[in-house]
1. To the nearest µm²/s, what D does Stokes-Einstein give for the chain at 10 °C and 1.306 mPa s, using the Kirkwood radius over alpha carbon pairs as Rh?
2. Compute the length gained on full extension between Asp115 and Lys23: take 0.36 nm times their separation in residues and subtract their Cα-Cα distance, giving the result in nm to one decimal.
3. Might you list the cysteines of the chain that have no disulfide-compatible partner by the rule of another cysteine's Cβ under 4.7 Å?
4. Please sort through the DSSP H helices of the chain and keep those with an alpha-carbon extent of at least 27 Å along the long axis and a Kyte-Doolittle average not below 0.0.
5. Taking the beta-carbon count within 10 Å as an exposure proxy, list His116, His96, His4 from fewest neighbours to most.
6. How much length would be gained if the chain were fully extended between Asp93 and Phe53, taking 0.36 nm per residue of separation minus their Cα-Cα distance, in nm to one decimal?
7. Take Phe53, Phe7 and order them by how many other Cβ atoms sit within 10 Å, fewest up front.
8. In whole Hz, with x marking every Gly and Pro, tabulate ³J(HN,Hα) for region 21-27 from phi via Karplus 6.51 cos²θ - 1.76 cosθ + 1.60, θ = phi - 60°.
Amino acid sequence: MTAHSVFDYRCPSCGLAYAPFKKGVKCPKCGYEPQETHDMISEAIDAWFYHVFIYGRGTPPAYAILSLGDHYILLSCIFLDYYVYELAKGKVDKEHFIERFLAKANFEGCEYLVDHYREYFSDLLERFEALTKGDKRMLDLAKRVAKCVERTSGEDVDS
Ligand SMILES: [Zn+2]
């Protein structure tokens, strides 16, 4: 079982699918500011913990994207897996980590999404840290997830 979201949204002005994950997040493409927001970050963090509980890592072996929310969940799970992988090795420079992650993602043709995701990932990490800070079990969990990531992926997580 994987965690899924029913959240879908399109900018009423230009039709872009993106998550207004908190108040003040404007459409990355046309700048329209929506009235509604959706707490995508809480949903994504819950999904990560749920997957770690079931699969040993946040990114499931297979994941079907059925909604816009699912797209954010999968990206967030990959992101947090890499983050705890680095965390298990030592201190992580968050800004630098986010930039490396963004550089690896392919935004070709929609470069306007880079700033949107930079803000999203930065908030995601902040929330994740607030939840897990000072919790010694977090480092143990990070180490376990790191081992699992190492075992189950040939991806280059070091560069
Ligand atoms: Zn728009």
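Read-outs throughout are calculated quantities, based only on the coordinates presented, and are distinct from any laboratory measurement. This one's a predicted model, so the numbers in the text were calculated from it and none came from an experiment. So basically every Cβ, Gly included, is an ideal-geometry build from the backbone, and we count neighbours across all protein chains shown.
1. On the way: Rh = 16.3 Å.
Result for D is 97 µm²/s.
2. On the way: separation 92, 0.36 × 92 = 33.12 nm, distance 1.59 nm.
Net length gain for the segment: 31.5 nm.
3. Lone cysteines by the Cβ rule: Cys77, Cys110, Cys148.
4. Details: long enough: 68-87 (28 Å, 0.87); 113-132 (28 Å, -0.35).
Once both thresholds are applied, what remains is 68-87.
5. Working: His116 21, His96 9, His4 16.
By the 10 Å Cβ count, ascending: His96, His4, His116.
6. On the way: separation 40, 0.36 × 40 = 14.40 nm, distance 2.64 nm.
Between Asp93 and Phe53, full extension yields an extra 11.8 nm.
7. So the residues, fewest neighbours to most, are Phe53, Phe7.
8. 6, 7, 4, x, 7, 8, 4
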